[in-house]
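Down below is the structure, laid out as structure tokens.
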Amino acid sequence: MRRKPYKQYSREFKLEAVRLAEVGDKTASQLARELGIRVNQIWKWKQQLEAEAVSGPAKRGRPADDELARLRREVARLKEENDILKKAAIYFAREPK
């Protein structure tokens, strides 16, 4: 069974929904029904927007090219160090003659 794709809402829509929930005379369930969203979605958006106000917007997607290149260099360096340590462990594990 296939899962329905998530519906994505614009930032403006989320802000307006949260604003309506806070200052409106309708209950959260009435507002959610009118907007065509789940009841708890308004609460989640409110939490996300509050967290965003404190820490800034969340970054999504792929890392930047320079960060990706840096991480690849670091992986190569760590693999080289690991190989050196393996060889040293074999050398020092030998019994003296």
Legend entry - helices (runs of 4 or more DSSP H) completely within region 1-78 that count 2 or more residues being under 25 Å from the mean Cα position of the chain (by Cα): 11-23, 39-55
Legend entry - Selection status of VAL18, in contact with a helix residue (DSSP H, G or I) (Cβ under 7 Å, 6 or more places away or on another chain) and modelled with pLDDT of 85 or more: yes
Inset, instruction - Output yes when any residue across region 4-22 is β-branched (Val, Ile, Thr) and without any contact (Cβ under 8 Å) to a residue 12 or more places away in the chain, and no when none is. - result: no
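The values are calculated or read from the model by the stated rules, or taken from the named source; none is laboratory data. Remember, it's a predicted structure, so these values are computed and weren't measured experimentally. For neighbour counting, all protein chains shown are included, and Cβ atoms are generated from backbone atoms with ideal geometry for every residue, glycine included.
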